[in-house]
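Asker: Could you have a look at this structure, given as C-alpha coordinates, before my questions?
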Amino acid sequence: MENNKKIILTGDRPTGKMHIGHYFGSLQNRVKLQDEYEQYILIADVQALTDNFNNPEKVRNSIKQVCMDYLACGIDSEKTTICVQSMIPEIAELTVFYSNLVTVARLERNPTVKTEISQKKELFGNNGESITYGFLGYPVSQAADITSFGAHIVPAGEDQEPLVEQTREIVRKFNSIYGDTLIEPEIMLSKTPRIKGLDGNAKMGKSLGNAIYLSDSEDEILKKVMAAVTDKTKIKKDDKANPEICMVGYYHNLFNLENKECVFSECREGRRGCVNCKKELAKKINEYLLPIRNKRKYYEEHPEIVDKILIEGTLKARNRAKYTMSKVKKAMHIDYFDEK
Ligand code: TRP
Ligand code: SF4
(Lines give C-alpha, C1' and ligand atoms only; values in the text may rest on other atoms or scores of the structure.)
(Ligands and ions follow the chains in the order given, each with its own letter.)
Protein backbone atom coordinates (compact mmCIF):
# COMPACT_ATOMS: atom_id res chain seq x y z
CA MET A 1 0.00 0.00 0.00
CA GLU A 2 2.40 2.64 1.24
CA ASN A 3 5.41 1.48 -0.76
CA ASN A 4 6.03 -0.62 -3.81
CA LYS A 5 7.87 -3.47 -2.14
CA LYS A 6 6.25 -6.85 -2.66
CA ILE A 7 4.54 -8.35 0.37
CA ILE A 8 5.70 -11.65 1.80
CA LEU A 9 4.06 -13.67 4.49
CA THR A 10 5.27 -16.58 6.55
CA GLY A 11 3.63 -18.14 9.56
CA ASP A 12 4.27 -20.49 12.44
CA ARG A 13 2.00 -22.44 14.71
CA PRO A 14 2.88 -21.43 18.27
CA THR A 15 3.21 -24.80 19.95
CA GLY A 16 6.59 -24.40 21.64
CA LYS A 17 9.97 -22.71 21.40
CA MET A 18 11.85 -22.74 18.12
CA HIS A 19 14.86 -24.94 17.41
CA ILE A 20 17.83 -24.84 15.07
CA GLY A 21 15.81 -26.70 12.43
CA HIS A 22 13.53 -23.66 12.28
CA TYR A 23 16.58 -21.41 12.24
CA PHE A 24 18.31 -23.00 9.25
CA GLY A 25 15.05 -23.88 7.51
CA SER A 26 13.35 -20.55 7.70
CA LEU A 27 14.30 -17.93 10.31
CA GLN A 28 17.68 -17.17 8.75
CA ASN A 29 15.97 -16.68 5.40
CA ARG A 30 13.36 -14.34 6.87
CA VAL A 31 16.11 -12.16 8.33
CA LYS A 32 17.49 -11.74 4.82
CA LEU A 33 14.08 -11.20 3.19
CA GLN A 34 13.02 -8.39 5.51
CA ASP A 35 15.32 -5.94 3.70
CA GLU A 36 13.98 -6.63 0.27
CA TYR A 37 10.28 -7.14 0.93
CA GLU A 38 7.52 -5.86 3.10
CA GLN A 39 7.43 -8.81 5.45
CA TYR A 40 4.65 -10.07 7.67
CA ILE A 41 5.05 -12.94 10.09
CA LEU A 42 1.90 -14.48 11.43
CA ILE A 43 1.87 -16.31 14.74
CA ALA A 44 -0.93 -18.67 13.77
CA ASP A 45 -2.54 -19.43 17.12
CA VAL A 46 -5.95 -20.19 15.59
CA GLN A 47 -4.36 -22.78 13.35
CA ALA A 48 -2.38 -24.19 16.30
CA LEU A 49 -5.68 -24.61 18.15
CA THR A 50 -7.04 -26.89 15.42
CA ASP A 51 -4.70 -29.54 16.85
CA ASN A 52 -4.43 -28.19 20.37
CA PHE A 53 -7.97 -27.10 21.18
CA ASN A 54 -7.72 -29.02 24.45
CA ASN A 55 -4.49 -27.28 25.41
CA PRO A 56 -4.94 -23.56 24.87
CA GLU A 57 -2.41 -22.76 27.59
CA LYS A 58 0.36 -24.30 25.52
CA VAL A 59 -0.60 -22.13 22.56
CA ARG A 60 -0.96 -19.04 24.72
CA ASN A 61 2.45 -19.48 26.36
CA SER A 62 4.15 -20.16 23.06
CA ILE A 63 3.14 -16.90 21.40
CA LYS A 64 5.66 -14.81 23.33
CA GLN A 65 8.30 -17.53 23.17
CA VAL A 66 8.07 -17.68 19.41
CA CYS A 67 8.18 -13.90 19.16
CA MET A 68 11.33 -13.81 21.31
CA ASP A 69 12.90 -16.45 19.08
CA TYR A 70 12.22 -14.27 16.02
CA LEU A 71 13.72 -11.18 17.62
CA ALA A 72 16.72 -13.09 18.96
CA CYS A 73 17.56 -14.30 15.45
CA GLY A 74 17.59 -10.81 14.03
CA ILE A 75 14.06 -10.31 12.83
CA ASP A 76 13.67 -6.59 13.20
CA SER A 77 10.28 -5.25 14.22
CA GLU A 78 11.02 -2.03 12.32
CA LYS A 79 11.19 -4.02 9.10
CA THR A 80 8.92 -6.98 9.80
CA THR A 81 5.37 -6.92 11.07
CA ILE A 82 4.89 -9.67 13.64
CA CYS A 83 1.23 -10.33 14.40
CA VAL A 84 -1.11 -12.69 16.25
CA GLN A 85 -3.75 -14.43 14.14
CA SER A 86 -6.64 -14.59 16.63
CA MET A 87 -6.41 -10.85 17.24
CA ILE A 88 -7.22 -10.22 13.57
CA PRO A 89 -10.86 -11.32 13.34
CA GLU A 90 -11.03 -10.33 9.67
CA ILE A 91 -9.06 -13.51 8.96
CA ALA A 92 -11.82 -15.59 10.54
CA GLU A 93 -14.42 -13.61 8.64
CA LEU A 94 -12.67 -14.20 5.32
CA THR A 95 -12.41 -17.89 6.17
CA VAL A 96 -16.19 -18.13 6.35
CA PHE A 97 -16.66 -16.57 2.93
CA TYR A 98 -13.91 -18.66 1.35
CA SER A 99 -15.34 -21.85 2.79
CA ASN A 100 -18.13 -21.70 0.20
CA LEU A 101 -15.55 -21.82 -2.59
CA VAL A 102 -13.96 -25.12 -1.55
CA THR A 103 -15.42 -28.59 -1.64
CA VAL A 104 -14.94 -31.07 1.16
CA ALA A 105 -13.57 -33.53 -1.39
CA ARG A 106 -10.92 -31.04 -2.48
CA LEU A 107 -9.82 -30.50 1.12
CA GLU A 108 -9.62 -34.24 1.67
CA ARG A 109 -7.44 -34.50 -1.42
CA ASN A 110 -4.99 -31.82 -0.26
CA PRO A 111 -1.72 -33.77 0.12
CA THR A 112 -0.68 -32.00 3.33
CA VAL A 113 -4.09 -32.58 4.91
CA LYS A 114 -4.07 -36.17 3.68
CA THR A 115 -0.74 -36.89 5.36
CA GLU A 116 -1.91 -35.28 8.58
CA ILE A 117 -5.17 -37.24 8.52
CA SER A 118 -3.34 -40.54 8.17
CA GLN A 119 -1.04 -39.55 11.04
CA LYS A 120 -4.07 -38.78 13.18
CA LYS A 121 -5.71 -42.07 12.27
CA GLU A 122 -2.57 -43.89 13.32
CA LEU A 123 -2.68 -42.09 16.66
CA PHE A 124 -6.40 -42.21 17.37
CA GLY A 125 -7.64 -45.22 15.44
CA ASN A 126 -8.98 -45.59 11.98
CA ASN A 127 -12.54 -44.31 12.39
CA GLY A 128 -11.90 -40.75 11.27
CA GLU A 129 -13.69 -39.49 14.39
CA SER A 130 -10.69 -37.42 15.31
CA ILE A 131 -10.98 -35.26 12.20
CA THR A 132 -12.78 -32.07 13.10
CA TYR A 133 -14.45 -29.65 10.76
CA GLY A 134 -11.95 -27.03 11.91
CA PHE A 135 -8.98 -29.23 11.12
CA LEU A 136 -10.24 -30.17 7.68
CA GLY A 137 -10.83 -26.50 6.96
CA TYR A 138 -7.47 -25.14 8.06
CA PRO A 139 -6.24 -24.74 4.46
CA VAL A 140 -9.18 -22.34 3.95
CA SER A 141 -8.12 -20.41 7.01
CA GLN A 142 -4.55 -20.34 5.71
CA ALA A 143 -5.85 -18.94 2.42
CA ALA A 144 -7.47 -16.19 4.47
CA ASP A 145 -4.14 -15.55 6.27
CA ILE A 146 -2.29 -15.18 3.01
CA THR A 147 -4.84 -13.07 1.15
CA SER A 148 -5.81 -10.82 4.05
CA PHE A 149 -2.38 -9.18 3.92
CA GLY A 150 -2.33 -9.16 0.13
CA ALA A 151 0.77 -11.35 0.14
CA HIS A 152 2.43 -11.78 -3.25
CA ILE A 153 4.89 -14.38 -2.05
CA VAL A 154 4.90 -17.12 0.58
CA PRO A 155 8.38 -18.43 1.37
CA ALA A 156 7.97 -21.99 2.63
CA GLY A 157 9.10 -25.59 2.47
CA GLU A 158 7.65 -28.29 0.28
CA ASP A 159 5.16 -29.34 2.95
CA GLN A 160 3.36 -26.01 2.54
CA GLU A 161 3.13 -26.17 -1.24
CA PRO A 162 -0.34 -27.81 -1.35
CA LEU A 163 -1.62 -25.10 1.01
CA VAL A 164 -0.42 -22.31 -1.22
CA GLU A 165 -1.83 -24.14 -4.24
CA GLN A 166 -5.19 -24.39 -2.46
CA THR A 167 -5.01 -20.66 -1.74
CA ARG A 168 -4.35 -19.93 -5.40
CA GLU A 169 -7.43 -21.93 -6.38
CA ILE A 170 -9.60 -20.08 -3.88
CA VAL A 171 -8.31 -16.74 -5.17
CA ARG A 172 -9.02 -17.68 -8.78
CA LYS A 173 -12.48 -18.87 -7.90
CA PHE A 174 -13.23 -15.74 -5.87
CA ASN A 175 -11.96 -13.43 -8.61
CA SER A 176 -13.90 -15.26 -11.31
CA ILE A 177 -17.17 -15.02 -9.40
CA TYR A 178 -16.91 -11.59 -7.77
CA GLY A 179 -14.41 -9.79 -10.01
CA ASP A 180 -10.69 -9.21 -9.74
CA THR A 181 -10.17 -8.52 -6.05
CA LEU A 182 -7.61 -10.82 -4.46
CA ILE A 183 -3.91 -11.24 -5.16
CA GLU A 184 -2.88 -14.73 -6.26
CA PRO A 185 0.20 -15.62 -4.19
CA GLU A 186 3.24 -17.54 -5.30
CA ILE A 187 5.33 -19.88 -3.22
CA MET A 188 9.04 -19.20 -2.83
CA LEU A 189 10.28 -22.73 -2.21
CA SER A 190 13.00 -22.99 0.38
CA LYS A 191 15.99 -24.97 -0.81
CA THR A 192 17.54 -25.72 2.55
CA PRO A 193 17.35 -29.39 3.47
CA ARG A 194 15.62 -30.35 6.66
CA ILE A 195 17.99 -30.71 9.61
CA LYS A 196 18.12 -34.09 11.25
CA GLY A 197 17.70 -34.58 14.98
CA LEU A 198 20.57 -35.53 17.29
CA ASP A 199 19.16 -39.05 17.36
CA GLY A 200 19.45 -39.39 13.59
CA ASN A 201 15.72 -38.97 13.01
CA ALA A 202 15.11 -37.19 9.70
CA LYS A 203 13.00 -34.63 11.48
CA MET A 204 13.83 -32.41 14.42
CA GLY A 205 10.87 -31.78 16.65
CA LYS A 206 9.75 -31.10 20.16
CA SER A 207 7.58 -34.18 20.31
CA LEU A 208 10.57 -36.28 19.26
CA GLY A 209 12.80 -34.90 22.03
CA ASN A 210 15.75 -34.55 19.67
CA ALA A 211 15.91 -30.80 19.16
CA ILE A 212 18.41 -28.11 20.03
CA TYR A 213 16.46 -25.01 20.98
CA LEU A 214 17.63 -21.48 20.31
CA SER A 215 17.01 -20.85 24.00
CA ASP A 216 18.98 -23.86 25.29
CA SER A 217 21.73 -23.08 27.81
CA GLU A 218 25.37 -24.09 27.27
CA ASP A 219 24.96 -27.00 29.68
CA GLU A 220 21.79 -28.23 28.00
CA ILE A 221 23.52 -28.22 24.64
CA LEU A 222 26.57 -30.06 26.01
CA LYS A 223 24.28 -32.66 27.56
CA LYS A 224 22.31 -33.15 24.34
CA VAL A 225 25.44 -33.44 22.21
CA MET A 226 27.01 -35.96 24.59
CA ALA A 227 23.93 -38.14 24.06
CA ALA A 228 23.94 -37.86 20.25
CA VAL A 229 23.93 -41.01 18.13
CA THR A 230 27.40 -41.86 16.77
CA ASP A 231 28.83 -44.64 14.61
CA LYS A 232 27.89 -47.50 16.91
CA THR A 233 30.77 -49.71 15.72
CA LYS A 234 33.25 -47.38 17.42
CA ILE A 235 33.87 -48.46 20.97
CA LYS A 236 37.43 -47.51 21.82
CA LYS A 237 39.07 -44.16 21.26
CA ASP A 238 41.34 -45.45 18.51
CA ASP A 239 38.72 -47.49 16.62
CA LYS A 240 38.22 -46.33 13.04
CA ALA A 241 34.71 -45.08 12.32
CA ASN A 242 32.52 -43.52 9.67
CA PRO A 243 31.64 -39.87 10.40
CA GLU A 244 29.07 -39.94 7.59
CA ILE A 245 26.77 -42.12 9.67
CA CYS A 246 27.43 -40.25 12.91
CA MET A 247 25.18 -37.39 14.03
CA VAL A 248 28.16 -35.64 15.59
CA GLY A 249 29.87 -35.74 12.19
CA TYR A 250 26.69 -34.43 10.60
CA TYR A 251 26.58 -31.47 12.99
CA HIS A 252 30.30 -30.73 12.60
CA ASN A 253 29.41 -30.29 8.96
CA LEU A 254 26.86 -27.61 9.93
CA PHE A 255 28.61 -25.78 12.77
CA ASN A 256 32.31 -26.50 12.25
CA LEU A 257 32.66 -26.49 8.50
CA GLU A 258 36.17 -25.03 8.53
CA ASN A 259 37.48 -28.05 10.47
CA LYS A 260 35.21 -30.65 8.95
CA GLU A 261 37.88 -32.30 6.79
CA CYS A 262 40.17 -32.67 9.77
CA VAL A 263 37.39 -34.05 12.02
CA PHE A 264 36.30 -36.52 9.37
CA SER A 265 39.77 -37.82 8.49
CA GLU A 266 40.79 -38.16 12.15
CA CYS A 267 37.60 -40.14 12.77
CA ARG A 268 38.19 -42.39 9.77
CA GLU A 269 41.78 -43.03 10.78
CA GLY A 270 40.99 -43.77 14.42
CA ARG A 271 42.78 -40.69 15.70
CA ARG A 272 39.76 -39.06 17.33
CA GLY A 273 37.86 -40.00 20.49
CA CYS A 274 34.10 -39.54 20.50
CA VAL A 275 34.03 -37.77 23.85
CA ASN A 276 36.40 -35.04 22.72
CA CYS A 277 34.74 -34.88 19.35
CA LYS A 278 31.41 -34.20 21.03
CA LYS A 279 32.84 -31.61 23.42
CA GLU A 280 34.38 -29.80 20.49
CA LEU A 281 31.07 -29.80 18.66
CA ALA A 282 29.12 -28.55 21.69
CA LYS A 283 31.61 -25.69 21.97
CA LYS A 284 31.08 -24.77 18.32
CA ILE A 285 27.29 -24.88 18.60
CA ASN A 286 27.47 -22.75 21.73
CA GLU A 287 29.71 -20.20 20.02
CA TYR A 288 27.26 -20.06 17.14
CA LEU A 289 24.20 -19.63 19.34
CA LEU A 290 25.77 -17.22 21.84
CA PRO A 291 24.65 -13.97 20.16
CA ILE A 292 21.14 -15.38 19.65
CA ARG A 293 20.95 -16.55 23.26
CA ASN A 294 22.15 -13.18 24.55
CA LYS A 295 19.64 -11.29 22.47
CA ARG A 296 16.91 -13.63 23.62
CA LYS A 297 17.90 -13.08 27.25
CA TYR A 298 17.48 -9.35 26.73
CA TYR A 299 13.89 -9.84 25.60
CA GLU A 300 13.19 -12.35 28.38
CA GLU A 301 14.20 -9.62 30.81
CA HIS A 302 12.10 -7.00 29.00
CA PRO A 303 8.76 -8.72 28.33
CA GLU A 304 7.08 -5.33 27.97
CA ILE A 305 9.08 -4.73 24.78
CA VAL A 306 7.91 -8.06 23.36
CA ASP A 307 4.29 -7.19 24.22
CA LYS A 308 4.61 -3.84 22.53
CA ILE A 309 6.04 -5.37 19.36
CA LEU A 310 3.21 -7.91 19.23
CA ILE A 311 0.50 -5.35 19.90
CA GLU A 312 1.79 -2.81 17.40
CA GLY A 313 2.48 -5.45 14.75
CA THR A 314 -0.98 -6.90 15.17
CA LEU A 315 -2.57 -3.45 14.95
CA LYS A 316 -0.76 -2.71 11.69
CA ALA A 317 -1.57 -6.14 10.28
CA ARG A 318 -5.18 -5.78 11.26
CA ASN A 319 -5.43 -2.54 9.37
CA ARG A 320 -4.11 -4.28 6.29
CA ALA A 321 -6.64 -7.10 6.78
CA LYS A 322 -9.49 -4.60 7.25
CA TYR A 323 -8.57 -3.04 3.94
CA THR A 324 -8.81 -6.43 2.21
CA MET A 325 -12.06 -7.19 4.03
CA SER A 326 -13.68 -4.00 2.76
CA LYS A 327 -12.65 -4.83 -0.80
CA VAL A 328 -14.01 -8.36 -0.42
CA LYS A 329 -17.34 -7.17 0.95
CA LYS A 330 -17.68 -4.63 -1.82
CA ALA A 331 -16.90 -7.26 -4.46
CA MET A 332 -19.45 -9.64 -2.94
CA HIS A 333 -22.06 -6.85 -2.63
CA ILE A 334 -22.43 -7.50 1.07
CA ASP A 335 -21.30 -4.03 2.12
CA TYR A 336 -24.92 -3.33 3.07
CA PHE A 337 -24.50 -0.47 5.46
CA ASP A 338 -21.60 1.34 3.80
CA GLU A 339 -22.47 4.74 2.38
CA LYS A 340 -22.84 4.71 -1.34
N1 TRP B 1 0.82 -24.01 8.16
C2 TRP B 1 2.01 -23.32 8.59
C3 TRP B 1 2.87 -24.32 9.37
O4 TRP B 1 2.36 -25.27 9.90
C5 TRP B 1 1.74 -22.12 9.46
C6 TRP B 1 0.97 -21.03 8.77
C7 TRP B 1 -0.25 -20.55 9.15
C8 TRP B 1 1.34 -20.31 7.62
N9 TRP B 1 -0.65 -19.55 8.34
C10 TRP B 1 0.30 -19.38 7.38
C11 TRP B 1 2.44 -20.34 6.78
C12 TRP B 1 0.34 -18.51 6.28
C13 TRP B 1 2.49 -19.47 5.68
C14 TRP B 1 1.44 -18.56 5.45
O15 TRP B 1 4.05 -24.11 9.47
FE1 SF4 C 1 31.30 -39.45 15.45
FE2 SF4 C 1 33.33 -37.94 16.17
FE3 SF4 C 1 33.05 -40.41 17.17
FE4 SF4 C 1 33.72 -40.06 14.64
S5 SF4 C 1 34.91 -39.47 16.42
S6 SF4 C 1 32.17 -41.49 15.43
S7 SF4 C 1 32.58 -38.20 14.11
S8 SF4 C 1 31.67 -38.67 17.49
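The values are calculated or read from the model by the stated rules, or taken from the named source; none is laboratory data. What you see is a predicted model, and the numbers here were worked out from it, not measured in a lab. Positions of Cβ are generated from backbone atoms using ideal geometry, with glycine treated the same way; all protein chains shown enter the neighbour counts. The protein model used for the area step is the full one, side chains on, heavy atoms only, and it has no ligands, DNA or RNA in it. Shrake-Rupley method; radii C 1.70, N 1.55, O 1.52, S 1.80 Å.
Asker: May I ask for the distance between the Cα centers of region 171-201 and region 294-340, given as a whole number of Å?
Answerer: Result: 21 Å between the Cα centres.
Asker: Tell me the carbon and sulfur percent of the accessible area for region 183-234, rounded to whole percent, probe radius 1.4 Å.
Answerer: 54 percent
Asker: For the chain, with a Gaussian network of springs between Cα atoms less than 10 Å apart, report the residue from Lys64, Lys297, Lys236 with the top mean-square fluctuation.
Answerer: Residue with maximal mean-square fluctuation among Lys64, Lys297, Lys236: Lys236.
Asker: Which residues does the label zone of Glu161 cover in region 95-139, counting backbone N under 18 Å from a point 7 Å along Cα→Cβ?
Answerer: So the set is 109-116.
Asker: On C-alpha positions alone, give me the angle between the axis of helix 161-178 and the longest principal axis of the chain, in degrees, nearest 10.
Answerer: Roughly 10 degrees between the two axes.
Asker: Considering only protein heavy atoms and a 1.4 Å probe, what is the carbon-and-sulfur percentage of the accessible area of region 284-340?
Answerer: 58 percent
Asker: Order Lys327, Lys223, most accessible first, counting only protein heavy atoms with a 1.4 angstrom probe.
Answerer: So the residues, ranked largest to smallest area, are Lys223, Lys327.
Asker: Something else about it: Go ahead and set up a Gaussian network model of the chain, Cα springs under 10 Å, then flag whichever of Ile195, Ile183, Ile235 fluctuates most.
Answerer: Top of the fluctuation ranking is Ile235.
Asker: So what is the accessible area of the chain per residue, in Å², with the probe set to 1.4 Å?
Answerer: Details: 17800 Å² over 340 residues.
Here the residues of the chain average 52 Å² of exposed surface.
Asker: What aspartates and glutamates could a cross-link reach from Lys5, if we take a straight Cα to Cα line under 20 Å and drop same-chain neighbours fewer than 8 places away?
Answerer: Leaving aside aspartates and glutamates fewer than 8 places away in the same chain, those within reach of Lys5 are Asp35, Glu36, Glu38, Asp76, Glu78, Asp145, Glu184, Glu186.
Asker: Mind listing P(r) for the chain? All alpha-carbon pairs, 20 Å bins, whole percents.
Answerer: Calculated over all Cα pairs of the chain, the distribution is 28, 52, 19, 2, 0 percent.
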